[in-house]
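Participant: Input: one structure, supplied below.
The values are calculated or read from the model by the stated rules, or taken from the named source; none is laboratory data. Values in this document were obtained by computation on a predicted structure and should not be read as measured data. Note that we place each Cβ from the backbone using ideal geometry, even for glycine, and neighbour counts take in every protein chain shown.
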Amino acid sequence: MLLANVVSTWSDLLKNPILTVEHCNGKNRIAATTETLRQAAHQFAKVLNDRAKLLANSAQFDAALRDAVAIVAMLPESGLGYLCAGDVYCQQGRYAAAISIYDQGLQVVPESDPYYKYLQQHRMEAVSNNSKRVDFISRLPLDIVVTNIRRRMKPIYYDSNVLYEPFYVSRTWQERLLKSRNGLWFGFVQENNTLKEGHAQLIRFAPYVRTLNGTMTDARLDELFSRGNFSRLDNFHLECDHSTPRRPLINGLELIAHSLAHLSITECHSIQLRDILESCPNLVSLSTDEVDVVMPSSSSTRYPKMRHLALYDASETPPTYDDMIDVLSRFPSLVSFEITPMPDSSLLPILHNHCPYLQRLYYGIKSVGFFAHAFENHPNRKGITSAVLGGEETYVQDHVIQFLHLHQHTLEEFEFYGQMVKSYHALWELSDEHVQQRNTQRRGELLHPDNDPSLSATSFTRLVYLRFSELHPSVAVPFMKWIILNAPNVNTINLPESRFLPDIASVIIQLKHLSTLEIRSVFGVDNDNDNNGINQFLEYHIGMGNRSSLEHVIVHMEDIEMSKATWIPLFTQLQNLKNLELLADIITHRCKEMLEDLGRGCPALEKLTLGMDGADMVEGIIKPLRQIWNLKDIRMGGATVFDSDLVVLASFPRLEHLFLQCMVPDRMREMLHRHIPNVEIEFNV
C-alpha cells in the first residue's frame, strides 16, 4: 500500500483556508486557530507514535500499522508516520516492506523535516538486515545438527556424480553436515567401461563415506578406491557380472579392508569365498550371491570376527555334508547364518557343535533384510532363537525333531516351508505331545541322553511364533501337534487354510495366549466339511466371549473372491477382535452381505484392512462398515476406489487414520484430509 496516496480530511484541515471574504479581523484569527490545530495534530501524532511502539512491542502489529497510517494521513509531509510504519515492519522481520515505506517517505518528506535523516538511517539498516541470512547450521549445537537436522535432510543416499547443494552453502555447513556419526551413503554405477574417471562427488567426500552401493561389469574396482581415501567405509554392497575381472576386484577390496565390516557381493562369478575372506579379514557380516563357496586350503584358518554369514545360490546343487562342515568350522562366532540351496538336513543337529553362538538360522531360504540383523548382536548368548527351514530338498523328520529338541530352551520363532518325510529307519515317531522311540537298534548313535527327546521331555517355553507350510497331512498333523502341545506360550500361528484340520484346531484351541491367527492360501471350498477345523476353532473362541485371547486375524485370499471364505462371518461374533485384515484380491457384490454382517458385529474392532494392492473392488462395499462404532483405523488397497465410498469413509465417526493404496483425485484427497486426522495415500504406477 502506498501511504502517500491516502487521502484524508486531516491534511486538508491543517492547511490555511483560502478566504474570499474577510469579516473584521477574521483572517488573523483563522490563521492562529489553524496553527493551534497543527500543533494539536503534531502532538496527537506523537501520542499515536508512542502507542504504535507499545502495540508493536506487544506483537500487535496490525494495530500498530493502523496508528502509523493515521499519522501519515494527518501529517503526509512529516517523516514520523513513514518512520513509524517502517519500524513496525522491521520488528516483524519484513525488511523489504520496510524499505518500500522508507522510500515513499523520502520521496515526499522535505529534507528540512526533523525525521528525514532518521528515515535515511533506518532505511540503510533495513537494507543491511534484508541482505543477511541466518546460518542456523553454524549457530545450533553440533549434536542437534548431527542427530536431528542431518537425518531429516533429503536425500540420505547420494549419487556419485550429482552435486548436493547443502554441502556447498559454506565451509561451516559442509564441515557440520559431514560430522554425522552415520557418515555418508553413496551409490555409483560404472560408466564408459572404466572407474578411472567420473564420480567426482564420491571421490571428494570419500573420507566421510560409510556406506557405498555399487554396480559394475568389466571395470577395475581398484581404480576407483585408489582415487580416494575411503578410511571410514564399513558397508559395501556390490553387484557384478561374469565379466568383472578377478584380480582388480580383489585389489579393490584390499584397499578398503582395514575399515570394511559389512560386505555384500552379488553375481560375481570370477572370485571365490576364500578370495573375499583373505582380502577382508575384519568382516563382521558377509552376504554372497552366486559366489563359489571355496574355503582357504589351510583347514586351521579361522575367522572369529565373522558374526553374520549368508551364502546364496553358490551352485545349482546343494553343498555336500563335508563341504558344509568345512565352512561352519571356520566361523566359531557366527550369530546368524543363511544358506541356499538347502544342505542336507543331517547338519541341523550338529550346527551348534561348530557354531555354539548361532541364534538365527535361514536354512534353504533367504531372509528379507539380512544386514538389518547384522547390528543385533548378542555375542555371548547360546542357542537358536529363530529358525526358518525351507528349500526344495526334503527334510528327514528325525533331524528336525532333534534340532528342535536341542534348542527347546531358547527357540522363540519357528517357520517351516519345506517338505518332510519319516524315513524307513526313523529313530523316533510322534504321538501327540510325546516323542516315542521307534528303532532301538540306532540308539547307540546318540552321544548323550539329553539329545534323545524320547528320554527327556521337550518344552518350548520361549516359543511365541509358529508358521507352517503345506506338509502332507500324514506328516503335518503329528508334527504340528507335537510342537503346539509343548509350546504353551505361543501367541501367533500362521498356517495355510488346507492345514487347518480338525486335529490341528483341537490343539490350537488349547493355547491360552494365542492372540494372532494368520491363515494363508485361502482358495475357498464347496464342501463345508473341509472347513470344520476353522469353524471349530472360531466357535470355541466365540463361546469364550470376553475371555477369548484372540485379538488379531489375518486372512490371505489371493486370486479368489472374498465370499468364497464362508467362515469369515464368524469373525463378527468374536468379542475381543481388535484387528482384522481381509487381504482379498476380488471383492464383488456377493461380498456385501458378508460386510453387512461385519458391520453389525465386531464390537471391539478398532482396525480393519480390506483388499490389497491392485484388488478388484466394486462400489458400495464401505457403507455397511460404518456401523462398526469403534473403528479408528482403516487400510484399503484396490485398483480403483469410488468417490461415493470415499465420501462414506469421511463420515466414519471415530476414524483417526486412513491408508489408501490406490489412486485418489485431488478434490477427494482434500475432502478426506478435512475430515480425518491422519490420511496416507500410496499409489504405485
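Participant: Any residue in region 420-432 that's charged (D, E, K, R): show its pairings with residues that are part of a loop (DSSP other than H, G, I, E, B) at Cβ separation under 6 Å, as long as the two are six or more apart or on different chains.
Facilitator: From region 420-432, the pairs are GLU429/ARG438.
Participant: Right, here's the next one. Just to be sure before I move on: is ARG307 farther than 20 Å from ILE365 by Cα, crowded, with 21+ Cβ neighbours inside 10 Å and not assigned by TED's automatic domain parsing to the domain that holds ALA257 in the structure I sent?
Facilitator: No.
Participant: If VAL284 satisfies every condition in (1) in contact with a strand residue (DSSP E or B) (Cβ under 7 Å, 6 or more places away or on another chain); (2) in contact (Cβ under 8 Å) with a residue 24 or more places away in the chain; (3) under 27 Å from GLY418 (Cα atoms) but one, which is the exception?
Facilitator: Of the numbered conditions (1) in contact with a strand residue (DSSP E or B) (Cβ under 7 Å, 6 or more places away or on another chain); (2) in contact (Cβ under 8 Å) with a residue 24 or more places away in the chain; (3) under 27 Å from GLY418 (Cα atoms), the odd one out for VAL284 is (3).
Participant: From the list LEU212, LEU202, pick out the single residue that is of a type in the set (A, V, I, L, M) and part of a strand (DSSP E or B).
Facilitator: From the options LEU212, LEU202, the qualifying one is LEU212.
Participant: Something else about it: Mind checking which residues of region 553-568 are within 22 Å of ASP633 (Cα to Cα) and surrounded by fewer than 18 Cβ atoms within 10 Å (Cβ to Cβ)?
Facilitator: Listed by number, the list holds a single entry, ILE554.
Participant: Among the residues of region 117-132, write down those that are touching a helix residue (DSSP H, G or I) at 6+ places or on another chain (Cβ under 8 Å) and either crowded, with 18+ Cβ neighbours inside 10 Å or of a type in the set (D, E, K, R) (or both).
Facilitator: The answer is TYR118, LEU119, HIS122, ARG123, GLU125, ALA126.
Participant: Restricting to region 394-413, name every residue that is surrounded by fewer than 20 Cβ atoms within 10 Å (Cβ to Cβ) and either small (Gly, Ala, Ser) or closer than 20 Å to ASN489 by Cα (or both).
Facilitator: The answer is HIS409, THR410, GLU412, GLU413.
Participant: Which residue pairs have Cβ atoms under 6 Å apart, sit 6 or more places apart or on different chains, and have a first residue in region 483-499 that is closer than 24 Å to ASP398 by Cα and a second that is surrounded by fewer than 22 Cβ atoms within 10 Å (Cβ to Cβ) and of a type in the set (Val, Ile, Thr)?
Facilitator: Pairs found: ILE484/VAL507; LEU485/VAL507; ASN486/THR458; VAL490/VAL464.
Participant: Moving on to the next point. Scan (1) surrounded by fewer than 20 Cβ atoms within 10 Å (Cβ to Cβ); (2) modelled with pLDDT under 90 for the single condition VAL641 breaks and write down its number.
Facilitator: Unmet condition: (1).
Participant: Taking the condition modelled with pLDDT of 85 or more, surrounded by 18 or more Cβ atoms within 10 Å (Cβ to Cβ) and more than 27 Å from LEU574 (Cβ to Cβ), does VAL475 pass?
Facilitator: So VAL475 does not fit the description; no.
Participant: Among the residues of region 600-642, write down those that are over 23 Å from the mean Cα position of the chain (by Cα) and among the hydroxyl-bearing types (Ser, Thr, Tyr).
Facilitator: Within region 600-642, THR640 is the sole residue that qualifies.
Participant: Might you let me know whether region 268-276 holds any residue that is at pLDDT 95 or above, closer than 19 Å to PRO304 by Cα, assigned by TED's automatic domain parsing to the domain that holds PRO207 and in contact with a His (Cβ under 8 Å, 6 or more places away or on another chain)?
Facilitator: no
Participant: Given the criterion of a type outside the set (Phe, Trp, Tyr), modelled with pLDDT under 75 and in the same structural domain as SER112 (by TED's automatic domain parsing), identify the matching residue among ALA40, ALA64, ALA32.
Facilitator: ALA32
Participant: Can you name the condition, by its number, that GLU596 falls short on among (1) acidic (Asp, Glu); (2) surrounded by 15 or more Cβ atoms within 10 Å (Cβ to Cβ); (3) within 27 Å of the chain's Cα centre (by Cα)?
Facilitator: Looking at each condition in turn, GLU596 falls short on (3).
Participant: For a quick check of your reading of the model, give me the residue pairs whose first member lies in region 190-208 and is closer than 17 Å to PHE236 by Cα, whose second is at pLDDT below 90 and aliphatic (A, V, I, L, M), with beta-carbon atoms closer than 6 Å and at least 6 apart or on different chains.
Facilitator: Pairs that qualify, where the first residue is closer than 17 Å to PHE236 by Cα and the partner is at pLDDT below 90 and aliphatic (A, V, I, L, M), are PHE205/LEU184; TYR208/LEU178; TYR208/LEU184.
Participant: Still on this structure, please answer the following. Can you confirm whether GLY418 is outside the structural domain of PRO496 (by TED's automatic domain parsing) and in contact with a Gly (Cβ under 8 Å, 6 or more places away or on another chain)?
Facilitator: Yes, satisfied.
Participant: Which residues, taken from region 94-107, are assigned to a helix (DSSP H, G or I) and farther than 17 Å from HIS42 by Cβ?
Facilitator: Once the filter is applied, which keeps residues that are assigned to a helix (DSSP H, G or I) and farther than 17 Å from HIS42 by Cβ, region 94-107 yields TYR95, ALA96, ALA97, ALA98, ILE99, SER100, ILE101, TYR102, ASP103, GLN104, LEU106, GLN107.
Participant: Among the residues of region 446-491, what is the count of those that are assigned to a helix (DSSP H, G or I), in contact with a helix residue (DSSP H, G or I) (Cβ under 6 Å, 6 or more places away or on another chain) and not small (Gly, Ala, Ser)?
Facilitator: 5
Participant: Mind listing whichever residues of region 171-193 are exposed (fewer than 14 other Cβ atoms within 10 Å of the Cβ) and either part of a helix (DSSP H, G or I) or hydroxyl-bearing (Ser, Thr, Tyr) (or both)?
Facilitator: ARG171, THR172, GLU175
Participant: To continue, here is another question. Of all residues in region 336-362, count the ones that are of a type in the set (Gly, Ala, Ser), surrounded by 21 or more Cβ atoms within 10 Å (Cβ to Cβ) and more than 33 Å from the chain's Cα centre (by Cα).
Facilitator: Going through region 336-362 one residue at a time, the tally reaches 1.
Participant: Something else: Among the residues of region 501-529 satisfying the criterion of being part of a loop (DSSP other than H, G, I, E, B) and modelled with pLDDT under 95, which is surrounded by the most Cβ atoms within 10 Å (Cβ to Cβ)?
Facilitator: Result: VAL522.
Participant: For residues in region 219-233 being in contact with a Gly (Cβ under 6 Å, 6 or more places away or on another chain) and either among the acidic types (Asp, Glu) or crowded, with 19+ Cβ neighbours inside 10 Å (or both), which is farthest from THR194 (Cα to Cα)?
Facilitator: If we take residues in region 219-233 being in contact with a Gly (Cβ under 6 Å, 6 or more places away or on another chain) and either among the acidic types (Asp, Glu) or crowded, with 19+ Cβ neighbours inside 10 Å (or both), then PHE225 is farthest from THR194 (Cα to Cα).
Participant: May I pose another question? Could you please find all residues in region 236-253 being more than 14 Å from VAL291 (Cβ to Cβ) and surrounded by 21 or more Cβ atoms within 10 Å (Cβ to Cβ)?
Facilitator: If the condition is that a residue be more than 14 Å from VAL291 (Cβ to Cβ) and surrounded by 21 or more Cβ atoms within 10 Å (Cβ to Cβ), then PHE236, GLY252 are the ones that fit.
Participant: Let me ask you something else. Please verify whether ILE681 is under 17 Å from LEU583 (Cα atoms), under 23 Å from the mean Cα position of the chain (by Cα) and of a type in the set (Val, Ile, Thr), treating the condition exactly as stated.
Facilitator: In short, no.
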